[in-house]
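Chemist: Take a look at this one; I'll ask things after.
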Amino acid sequence: MKFTPLFLAMALSPWFCLAAQTVTPMTVDTVASYETVRPEADFIKRVDMIPMRDGVKLYTVTVMKKGTKNAPILLSRTPYDAKGSASRVASQSITEIMQVMDAEFVEDNYIRVYQDIRGLHNSEGDYVTNRPLSGPLNDTGIDESTDAYDTIDWLVKNLPDNNGKVGIVGSSYLGFTALMAEINPHPALKAAVPQSPMVDGWMGDDWFHNGAFRNNSLDYAVSQSTAKAEGHAAMGVADDYSRYLEAGSTGDFAKHWGFDAYPFVQKLMQNPAYTEFWSLQAVDKLMAERKLTVPTMLVVGQWDQEDSYGAPAVYKALEGQDKNNDLLSLVIGPWRHSGVNHYGYKLGALNFNGDTAKEFRLNYMKPFFDHHLKGAPNPNTPPVLTYATGANKWQVSNHWPAGTDKKLYLTANAGLSFVAPAKAKANSDAARDQYVSDPAKPVPFVPRPVFMDDARQWKPWLVQDQRFASSRPDVLVYQTDALDQAVHIMGQPMVDLFAATSGSDGDFVVKLIDVYPNTSTGGLVQGALEETLAGFEMPVGIEIFRGRYVHGFDKPQALKPGKVEQYQFGLPHVNHVFLPGHKIMVQVQSSLFPLYDRNPQTYVDNIFFAKAKDYQKATVSVYHSADAPSSVSLPIVAD
């Protein structure tokens with residue numbers, strides 16, 4: 001019998017084979033699995049359970065393009081599902097299944113590896129949030145440093161076609177695991193790019209900022225600590241402002257929803273001050289005690305709404321070791337949290353010159369890895385690379401901060417001046433401004449309704465127009481006249497606030513704002529006013545400080561009603577240009593709710609467990625006299 005090409009094609013097709021089977025109406029229709037990687041795929045994917053030194057095995061996904069040879073390994077260790085990280089889209093194209101930031105690497109002879117950290121998703125073992133380094137807080141001998149070492153050791157010995165060199169990269173929690181890999185690093189680890197790393201959860205990363213608790217940490221604890229990261233707070237959709245306000249204290253809220261049953265929530269609530277529970281976990285302090293041997297590029301977004309503290313803190317801790325300015329670099333881009341790995345065209349109402357994230361990855365991050373992992377020519381990685389918002393351009397610096405501090409003083413009549421206040425002839429109420437802070441009506445951190453789970457609201461909140469707040473009576477507003485020349489700052493603005501309260505505790509929020517001219521360059525589009533930034537009050541930096549820690553983060557104390565205290569703290573690191581015609585504004589208030597828990601303004605031992613009677617109104621006084629000259633220091637550079 002002669003078979004035609006058409007018959008052969010039909011006979012070999014899955015449809016023909018299935019049709020040839022005998023089936024009945026009761027034939028079971030399920031199959032055990034479907035192989036998503038088809039013969040036509042342009043990549044190879046493998047899954048391994050890599051053994052650690054204590055016998056625990058960690059789920060690890062490796063992906064490489066077909067034909068990859070003598071290739072470096074780019075590793076990420078994640079609590080957010082390694083399997084999903086390598087399955088972005090169901091496709092036979094490697095650039096579609098991998099994350100956006102992976103495309104330039106997997107297309108250029110890199111082996112890409114994602115691994116679930118122990119205890120989560122498909123890995124074995126027990127999960128501990130930000131597992132402390134082996135030492136005073138961890139007597140097991142097992143931590144993220146040892147797991148990274150064991151993983152790298154297995155990969156270079158067992159993955160075919162690798163060149164024996166490994167780089168590590170990742171953002172947020174993955175930034176934390178990248179930094180931990182640099183402590184007692186494996187010899188094959190040749191380069192690291194920790195992005196928005198979780199470094200100190202109390203000082204200014206995820207859980208607290210200067211002692212004020214971030215309420216959305218509770219939902220994170222539930223999602224990550226239920227089984228193997230399989231949970232989510234089942235609270236439905238409601239205005240979080242009302243929901244948290246009606247609950248009472250954050251402790252009451254946690255109890256109502258059953259969150260207090262989670263060990264990590266108990267860790268947060270039982271350790272509200274900066275004791276050794278937190279300080280001995282701080283990664284910047286751990287790294288400062290050790291010699292940096294792995295070339296490191298630290299990355300953070302200027303408007304990182306989750307982990308703005310970590311990267312600059314590690315840079316500050318390690319920069320003194322980098323005598324030749326070639327081992328450590330710092331990058332600050334115009335992004336939200338983890339924005340470096342996504343699309344960098346815009347953030348909120350702000351538009352930038354092209355895809356700043358992709359531009360950075362292609363022009364700086366990949367050449368950095370290529371040099372250290374593939375032997376490519378030295379790209380002369382900038383010691384400091386920052387994006388000047390306002391001017392919208394990348395700038396290179398030899399050190400950070402790059403500016404020279406100049407105090408911008410709060411003045412009478414809601415003004416700001418670079419001239420220090422003169423000595424008054426007599427005491428006068430003109431040297432202070434007051435507002436009433438009412439815990440029953442806290443200032444929201446974004447316009448209501450508040451949905452902290454809504455990415456559209458959460459991701460860009462740090463560039464939210466502040467006009468919704470500046471009109472409130474419990475927000476003090478100070479501003480300059482319109483600038484006749486640009487003011488360019490590169491560094492960390494520092495708050496020096498002299499204030500008193502009629503209560504025995506209180507929070508202080510300071511915002512540095514760029515006020516756009518109240519004119520429109522737009523026009524009518526189909527009868528409607530084109531969206532413009534006329535009068536836009538754009539936050540350059542926002543931060544909070546819990547008053548009880550004014551004399552030491554490990555020494556909470558009641559404030560003496562009416563006593564003027566000096567509150568000193570930093571705003572996020574920035575490179576920003578206040579353009580001519582714009583104004584510089586400073587706002588002062590006492591709450592950012594419900595992102596941060598309410599301060600009852602009556603001193604209690606633990607705010608998590610404050611009672612209804614503890615929440616009291618307080619009159620807050622902000623001083624701008626010669627003896628109490630409140631200011632924000634701006635790190636100004638001369639252009």
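Chemist: Translational D (Stokes-Einstein, µm²/s) of region 37-114 at 37 °C and 0.692 mPa s when Rh comes from the Kirkwood sum over C-alpha pairs?
Modeler: Taking Rh from Cα pairs, D becomes 255 µm²/s.
Chemist: Given a 1.4 Å probe, how much area per residue of the chain is accessible, in Å²?
Modeler: Accessible area per residue, the chain: 43 Å².
Chemist: In whole Å, largest first, what are the principal axis extents of the Cα atoms in the chain?
Modeler: The Cα atoms of the chain stretch 113, 62, 54 Å along the principal axes, largest first.
Chemist: OK, next. Mind checking the full-extension length gain between Asn378 and Ala612? Use 0.36 nm per residue of separation minus the Cα-Cα distance, one decimal, nm.
Modeler: Result for the pair: 78.1 nm of gain on full extension.
Chemist: Once every DSSP H run of n ≥ 4 in the chain is given -39500 (n - 2.57) and the sum is divided by its residues, what mean residue ellipticity at 222 nm do you get, rounded to the nearest 500 deg cm²/dmol? Could the numbers behind the result be given before it?
Modeler: Working: 18 runs with 124 residues, N = 639.
Helix-only estimate at 222 nm: -5000 deg cm²/dmol.
Chemist: Can you pull out the trypsin sites (Lys or Arg not before Pro) in region 531-575 whose DSSP state is coil and whose Cβ has at most 14 other Cβ atoms within 10 Å?
Modeler: Hits after loop and neighbour filter: Lys563.
Chemist: Can you tell which of Val450, Ser504, Ala317 lies farthest toward the positive end of the dipole of the chain, using +1 and -1 charges on the Cβ of basic and acidic side chains (Lys, Arg; Asp, Glu)?
Modeler: Working it through, the farthest residue towards the positive pole turns out to be Ala317.
Chemist: In addition: Can you tell me the relative contact order of region 357-468? Whole percent, Cα pairs under 8 Å, sequence separation 6 or more.
Modeler: Numbers: 65 pairs, mean separation 11.4, N = 112.
That works out to 10 percent.
Chemist: Now for a different question. I want to check the label-to-label distance for Lys316 and Asp126. Put each point 7 Å from Cα in the C-beta direction and report it in nm to one decimal.
Modeler: Each label point is offset 7 Å from its Cα along the Cβ direction, giving 3.5 nm.
Chemist: I've got another one for you. In debye, nearest 20: dipole of the chain around its Cα centre with unit charges on the Cβ of K, R (+) and D, E (-)?
Modeler: Using Cβ point charges on Lys, Arg, Asp and Glu, the chain gives about 360 debye.
Chemist: Name the longest site-free stretch of the chain, where the excluded sites are chymotrypsin sites (Phe, Trp or Tyr not before Pro) in a DSSP loop with no more than 11 other beta-carbon atoms within 10 Å.
Modeler: The answer is 35-639.
Chemist: Right, here's the next one. When only Cα pairs under 8 Å and 6 or more residues apart are kept, what is the percent relative contact order across the chain?
Modeler: Worked out over the chain, it gives 13 percent.
Chemist: Convert 37 °C to kelvin, take the viscosity as 0.692 mPa s, use the Kirkwood radius over C-alpha pairs of region 487-639 as Rh, and evaluate the Stokes-Einstein diffusion coefficient in µm²/s, rounded to a whole number.
Modeler: Value of D from the Cα-based Kirkwood radius: 187 µm²/s.
Chemist: Full extension from Asn138 to Lys285: what is 0.36 nm times the residue separation minus their Cα-Cα distance, to one decimal in nm? List each step's numbers first, then the result.
Modeler: Working: separation 147, 0.36 × 147 = 52.92 nm, distance 1.62 nm.
Roughly 51.3 nm would be gained on extension.
Chemist: Another one. Suppose the chain between Asp108 and Ala391 were pulled fully straight at 0.36 nm per residue; how much longer would it get relative to their current alpha carbon spacing?
Modeler: Value of the extension gain: 98.6 nm.
Chemist: Output the relative contact order of region 170-258, whole-number percent, from Cα pairs under 8 angstrom with separation of 6+ residues.
Modeler: Rounded, it is 16 percent for region 170-258.
Chemist: Percent of accessible area on the chain owned by carbon and sulfur, 1.4 Å probe?
Modeler: Result for the chain: 53 percent of the exposed heavy-atom area is carbon or sulfur.
Chemist: Can you give me the solvent accessible area of Val314 with a 1.4 Å probe, rounded to the nearest 10 Å²?
Modeler: 0 Å²
Chemist: For the residue pair Asp260 and His232, what label-to-label distance in nm results when each label sits 7 Å from Cα along the Cα-to-beta-carbon direction?
Modeler: Going from the Asp260 label point to the His232 one covers 2.7 nm.
Chemist: Mind checking region 411-475 for trypsin sites (Lys or Arg not before Pro) that DSSP puts in a loop (not H, G, I, E or B) and that have at most 13 other Cβ atoms within 10 Å?
Modeler: When the trypsin sites (Lys or Arg not before Pro) of region 411-475 are filtered for loop state and at most 13 Cβ neighbours within 10 Å, Lys423, Lys425 remain.
Chemist: Excluding Gly354 itself, calculate the net charge of residues whose Cβ lies under 14 Å from the Cβ of Gly354, where each Lys or Arg counts +1 and each Asp or Glu counts -1.
Modeler: Charge balance in the 14 Å sphere: +2.
The values are calculated or read from the model by the stated rules, or taken from the named source; none is laboratory data. Computed from a prediction, not measured in an experiment: that's the story for all the values here. Cβ sites come from the backbone with ideal geometry, for glycine too, and all protein chains shown count toward neighbours. For the accessible areas, the whole protein counts, side chains as well, though only heavy atoms, and no ligand, DNA or RNA atoms are used. Shrake-Rupley method; radii C 1.70, N 1.55, O 1.52, S 1.80 Å.
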